[in-house]
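A quick write-up on the structure given underneath.
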Amino acid sequence: MSAFVRSTSPWRSSVSLPAVGPHLPAALGIVALVLFLFRDAVFGGRVFYHRDLHLQWYGQALAFVRSIAAGSWPVWNPWVGFGQPLWANPNNQVLYPFTWLHLLMQPWTYYTCFVVAHALFSAAGAYALGLRVGLSRGGAGVFAAAWAASGPFLSLVDLWNHLAAAAWIPWIFLAGEAALASGRATAALAWGATLAMPILAGSPETALLAGVAVAAYALRRADPRAPAGTANRRLVLAAAVALAFGIAVSTAQWWPSLELLRHSPRLSAPAGGRSFWSIHPVLMLQTFLPFFPDRLPLSGEVRAAYSESREAYLRSLYLGASSFGLVLAGAAGRRRGLWLFLMGVAVVGVLLALGRYTPVYGIAATVLPPLRAVRFPAKAMVLTAFAWSAMAGIGFDAWRGADGGRIARTVTAAVLAAITAAAGVLAVVLRTGAEEWGSAILFRATSPRSYTDILEPTAWGLALAAAFAGLMLALVLWRGGRARPGRTAGLAGAVLLADLLSVHHRLNPTAARELFTYRPAALDVVRPAPFQRVYVFDYFEAGKAPFYLGHRSAYLTKTPQEDWPVPWLDALALRMALFPGVIGNWGREGAYDRDALDLYPPPLRLLTDALRQVEGTPLHTRLLRLGAVEYVVALHRQGLEDLALVAALPSLFVEPMLVFRVPEPRPRAYAVAGARFAEGLRAEAQALADPSFDPARMVVLPAASRPPSHLEGRGGAEPAAGEASLLELRPDRVRIQAELSAPGYVVLVDAHDPGWRATLDGREAEVLRANVAFRAVAAPAGRHVVEYVYRPRSITRGLMVSGAALLAALAVCIAETRRRLRAQ
């Protein structure tokens, strides 16, 4: 653990340089805690996989590595949805420094290192922050341990961008405290850098929430007696420098991301969409009662009532049934002012996390417009967990110093007694009345096991929480007697840590490494011709499973999940069935993928939605052909009669996996002589649906795309213009050779994006949006080479701004260092 310099602060005025030795116990304890939490991955060779990790992250990690290996900039991902921006999507973390370790290790090894490193880094930041604001080593250690073991923080393990961003929260506060206390330019720049890191990590909302909290923290240092005084001016200047540098150094990420959002429906999403995954008020009880509805086979009606019919966004909100013993102790301590500030942060986090259940989230989105691009209010509970953990550290020191009186201990004892009783009663009710409760709240028994077996883990968890709360209650009462405060404080810290670990020691599921290394047998059948695409039905879309498969579950496995010998059956089944999000892992390029992140531009979204709306009609087959789709993978036959069934393969689902071949799909690149011009996206889509439209001879273009003079008036039944073939296909660069017998268009069945630039025989050419969502270049008769390069100006200009900011910061640091050396 590095040494920490303590500067003047409202809580501690001494300046000292602590030796490393006194901090070794805390450092070793933090390391042991993190390694214990993730022991299966670190020591057991297991891999993190849950939810979007295997469905999305693994594929984007491979896209990043493949781009670098191909000599491309990591700016475009050609393996999903006709191609999508890679750099501009902040989830891909292209500019986050840790991401570049992908080039040194396998993705699953990288992610284990990613999780462990960020947990250690964040706990170290919490410990350093605790020391900075004047906590003892014990108090800072409790803060760090409670934060690293809290439910909201650990729930981010399968949300990589939010995990990385949350890891920086203690460092944002620490850097802000140092900058506000010292007034040095270098400290302000360091503060700005910490604000920029969550943006580079792909979670700008974390930077926003933490930044607002630190701004409120900074106001505590303001001198109300002299609003224009030197002290206040120094605070404003430090904050302004930090904000400006944070914005500038992260420009290379937020500028292309903002450009991507501007051309997507994300910013204009209705309030209901933004507030999806709001935390139901009843589920807020989970902060001190460890019950997890996701572990129970609840009915669809019950799930719809509390979690949008989906799994919880955060697997755990648990902060410890016993935590009140330490947290409430700080209310009457000597650092009451800091405690009250943190309590305010915790309450605001809860109110924001409630989302649509209170008006607070809507008001916040109005006051802070960037919040309108933020989905899932549940994320705000991470800020609550951070503040709550810091309050536990303050309470530890208050307990140790015998702060507070009889009234404070009485209130704390009453709260702990209530929690002990509530958890104990619920545990007894679930254990003794399992059959009655099961028939009341469960949809059906999904296995031969009884309701008692299903509810027993929840009952035991509640009983254990009651035991820890009871132990903390006993310590509070013992503290009121003749017990030594230091001894009971240490025991209270141990009880809180044991409480959190008992619930979270295996919160994040892991799988055998073979989940990622296994190659599905279906790949031997789904072998499209070079550059052709594959379309896989996605039954997670609303209503698709009941309509086509006849059951409510999107994907129903033959064996119930709880009876399978491995908990990652669902992930294995989806990977074996070549789910749309994972098919790119094996180099197969997808088509018409669902816009799960609401980042598609309107043309691509329209075309993708149109395919789903015309399922079961001849137009469905036409759109597949138009998208250069050679194979279709599905679990049903209805509506696919126009396609040739290639194979019926066994799957882990109740349905076999069916592979179809699309008749005569369009090649990835081809040439046509004719064009139809339509006004508006709807008119363009209607032109594609017109039975007289022949995609082998014509292309649909926007009316605003005025044709060259040599193509004016063309639009009849022209002969094919010639041939086109791909010479080079790299993630950020495409070269096409075309030979046209007449003037026409060279069409590329890849997603159109304003960042693509084209040349025709080395001369700049306009990139036309063709067939609603693809690309085309007009070309005269003859042999030509069309080259596309993806270089959005938002990326190149953003890099220039960020680079200039870093150079300016370096100059400031050098100048300040020289001044300090001269002063010595």
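The values are calculated or read from the model by the stated rules, or taken from the named source; none is laboratory data. What you see is a predicted model, and the numbers here were worked out from it, not measured in a lab. FYI the Cβ positions are ideal-geometry reconstructions off the backbone, even for glycines, and counts take in every protein chain you see. Heads up: the accessible areas ignore ligands, DNA and RNA and are worked out on the full protein's heavy atoms, side chains in. Shrake-Rupley method; radii C 1.70, N 1.55, O 1.52, S 1.80 Å.
Can you tell me what percent of all Cα-Cα pairs in region 489-546 are more than 13 Å apart? Show your work: numbers first, answer last.
Values: 1324 of 1653 pairs.
Percentage above 13 Å: 80.
Taking the Cβ-Cβ separation of Ala704 and Ala644 as r and a Förster radius of 35 Å, what is the calculated FRET efficiency to the nearest 0.05?
0.35
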Open item on the list: Apply the Karplus curve 6.51 cos²θ - 1.76 cosθ + 1.60, θ = phi - 60°, to the phi angles in region 768-775 and return the couplings in whole Hz, x for Gly and Pro.
Closed with: 8, 7, 10, 6, 6, 10, 9, 10
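How big is the dipole moment of the chain about its Cα centre under a simple scheme where the beta carbon of each Lys and Arg is +1, that of each Asp and Glu is -1, and everything else is neutral? Debye, nearest 20, please.
Values: 77 positive and 53 negative charges, 694 e Å.
Using Cβ point charges on Lys, Arg, Asp and Glu, the chain gives about 3340 debye.
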Task: Accessible heavy-atom area order of Phe43, Phe540, highest first, probe of 1.4 Å - done: Phe43, Phe540
TODO: Could you point to the residue in Trp76, Val34, Ser136 farthest towards the positive end of the chain's charge dipole, with +1 and -1 charges on the Cβ of Lys/Arg and Asp/Glu respectively?
DONE: Ser136
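Note the full-extension length gain between Leu799 and Leu597 as 0.36 nm times their separation in residues minus their Cα-Cα distance, in nm to one decimal. Mind dumping the intermediate values first?
Numbers: separation 202, 0.36 × 202 = 72.72 nm, distance 2.50 nm.
That pair, Leu799 and Leu597, stretches by 70.2 nm at full extension.
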- [ ] Write down Rg/Rh for region 165-245, rounded to two decimals, with Rg from the C-alpha atoms and Rh from the Kirkwood relation over Cα pairs.
- [x] 0.99
- [ ] Please compute the Cα-Cα pair-distance distribution of region 323-366 with 5 Å bins starting at 0, giving whole percents from short to long.
- [x] 5, 22, 21, 17, 12, 12, 9, 1
TODO: Specify which residue in the list Ala675, Val747, Leu455 is farthest towards the positive end of the charge dipole of the chain, using unit charges on the beta carbon of Lys, Arg (+1) and Asp, Glu (-1), about the Cα centre.
DONE: Leu455
TODO: Return the carbon/sulfur percentage of the accessible area of the chain, one whole number, probe 1.4 Å, all protein chains in place.
DONE: 63 percent
Task: Cα-based helix-to-principal-axis angle, 485-504 vs the chain, degrees rounded to 10 - done: 20 degrees
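Size of the dipole of region 188-292 about the Cα centre, Lys and Arg at +1 and Asp and Glu at -1 on the beta carbon, nothing else charged, in debye to 20? Spell out each step's value before the answer.
Details: 8 positive and 3 negative charges, 62 e Å.
Charge dipole, region 188-292, about its Cα centre: 300 debye, nearest 20.
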- [ ] Compute the acute angle (0 to 90°) between the alpha-carbon long axis of helix 169-182 and the principal axis of greatest extent of the alpha-carbon atoms of the chain; round to the nearest 10°.
- [x] 60 degrees
Task: Taking the C-alpha atoms of region 508-621, convex hull volume expressed per residue in Å³ - done: 152 Å³
Open item on the list: Give me the one-decimal nm value for the distance between modelled label points at Ala823 and Glu541, 7 Å along each residue's Cα-to-Cβ direction.
Closed with: 6.5 nm
Task: Radius of gyration and maximum dimension Dmax of region 36-91, Cα, Å - done: 14.2, 42
Open item on the list: I'd like the orientation of helix 406-432 relative to the chain: the angle between its Cα long axis and the longest Cα principal axis, in ° from 0 to 90, rounded to 10.
Closed with: 50 degrees
Open item on the list: Within region 167-183, name every residue whose backbone N is under 16 Å away from a label modeled 7 Å from Cα of Arg220 along the Cβ vector.
Closed with: 170-182
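At 1.4 Å probe radius, can you tell me the per residue accessible area of the chain in Å²?
Details: 32990 Å² over 824 residues.
Ligands and nucleic acids excluded, the figure is 40 Å² per residue.
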Task: Calculated diffusion of region 640-681, Stokes-Einstein form, Kirkwood radius summed over Cα pairs, 37 °C and 0.692 mPa s, µm²/s - done: 232 µm²/s
Task: Per-bin percent of Cα-Cα distances, region 109-234 [5 Å] - done: 2, 11, 18, 22, 20, 13, 7, 4, 2, 1, 0, 0
Task: Cα centroid separation - region 734-762 against region 85-137, whole Å - done: 41 Å
- [ ] Identify, among Val526, Trp478, Ala467, the residue whose Cα sits farthest towards the positive end of the charge dipole of region 460-552, taking +1 on the Cβ of Lys and Arg and -1 on the Cβ of Asp and Glu, with the dipole about the Cα centre.
- [x] Trp478
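Ratio to report: Rg/Rh of the chain, with Cα atoms as the point set and Rh obtained by the Kirkwood method; give two decimals.
Details: Rg = 29.5 Å, Rh = 29.2 Å.
That ratio is 1.01, to two decimals.
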